1. May I ask you to say which residue of Pro49, Pro68, Pro26 is surrounded by 17 or more Cβ atoms within 10 Å (Cβ to Cβ) and not small (Gly, Ala, Ser)?
2. Here are some residues: Gly88, Gly105, Gly140, Gly133. Which one is exposed (fewer than 15 other Cβ atoms within 10 Å of the Cβ) and either at pLDDT 90 or above or more than 27 Å from Thr195 (Cα to Cα) (or both)?
3. In the list Phe152, Phe118, which residue meets the criterion of being under 24 Å from the mean Cα position of the chain (by Cα), under 17 Å from Leu95 (Cα atoms) and open to solvent by less than 70 Å² (accessible area, probe 1.4 Å)?
4. Given the structure, is Thr9 open to solvent by less than 90 Å² (accessible area, probe 1.4 Å), β-branched (Val, Ile, Thr), assigned to a helix (DSSP H, G or I) and farther than 25 Å from Leu255 by Cβ?
5. Hey, among the residues in segment 183-192 that are at pLDDT below 85 and of a type outside the set (A, V, I, L, M), which one's farthest from Leu95 (Cα to Cα)?
6. Given Leu173, Leu164, which one is at pLDDT below 85, more than 30 Å from Leu217 (Cβ to Cβ), not in a helix (DSSP H, G or I) and not hydroxyl-bearing (Ser, Thr, Tyr)?
Amino acid sequence: MNARYGLRTFGLELLMIAVAVAFLFPVYALITLSLKDQRQVAESPLSPPTDPATENYTAAWSRAELGPALMNSTVITVVSVVALIAIGSFAAYFLSRRASRLSYGLYLLFLLGIVLPFQLGAIPLFKMVDAAGLLGTYQGMILFYTGIQLPFTIFLYTGFIRALPADYAHAALIDGAGHVKAFTHVVFPLLRPITGTVLILNAVFIWNDFFTPLLYLGGSTRETVPVKIFAFVGQYVSDNGLVFAGLVLASLPILAVFLALQRYVIKGFASGLKG
């Protein structure tokens, strides 16, 4: 028997439409403002552009030097995410499979790293990076992001691994494989859903982060996209069209990654919550 279309269903549809509009409005505003010059932005910021200023995109690309900035963001994001996946997955495997006080204590320590904001240690961390001679370098940023995001990564992997049957790894160990080989050949391929979740969440955070690159890379040739776009915003004047055009260009790579991996985000969370 088919469910009847009633007032309740109609109300739910209106609610979902309203939610969709609320989520799509910022995208519309971003694209609209990126296609307007200063006069159009001042007169009618949210109306559709009558004479699209497509030159904003070419000006943003050249004036903000977005090409080198995109390369810097890509290198830092990719290497940091790979390090997080490699270290976080293996650490979570140890913590979830060893029933000991040490593993439980280490897990609680990593959870504490999620609760405490890294801004509390901004000054000591800056002094440590400066003393190590890593200011303005890829290595400094990669080490920073790997350390900051590792507790969150381990938390996601641990919840997922606990939901997996341990029989697969045990069978590999009985056949003579070591823990490293059992993990890399048996367990890690089963972590594909949560690995996609870890990848996209960490990549979005690292790619969009502004405070840390401004602090550690400001004034160097390694500045990332958010820092370069910030150059368009001054104390007395800001070129809004160029700012929004730069934001559109900067969001395209990470948006493409998100669309490619979006199915793993919900799947990874759902599987992890079962554990």
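1. None of the other options fit; the residue is Pro49.
2. Gly133
3. From the options Phe152, Phe118, the qualifying one is Phe152.
4. Here the answer is yes, as Thr9 does meet what is asked.
5. Among those residues, the one meeting the criterion is His185.
6. Details: Leu173 fails: not in a helix (DSSP H, G or I).
Just one listed residue meets the conditions, Leu164.
The values are calculated or read from the model by the stated rules, or taken from the named source; none is laboratory data. Keep in mind that what you see is a predicted model, and the values were worked out from it rather than measured. Backbone-built Cβ (ideal geometry, glycine too); neighbour counts: all protein chains shown. Side chains are part of the model used for accessible areas, which takes the heavy atoms of the whole protein and leaves out ligands, DNA and RNA. Shrake-Rupley method; radii C 1.70, N 1.55, O 1.52, S 1.80 Å.
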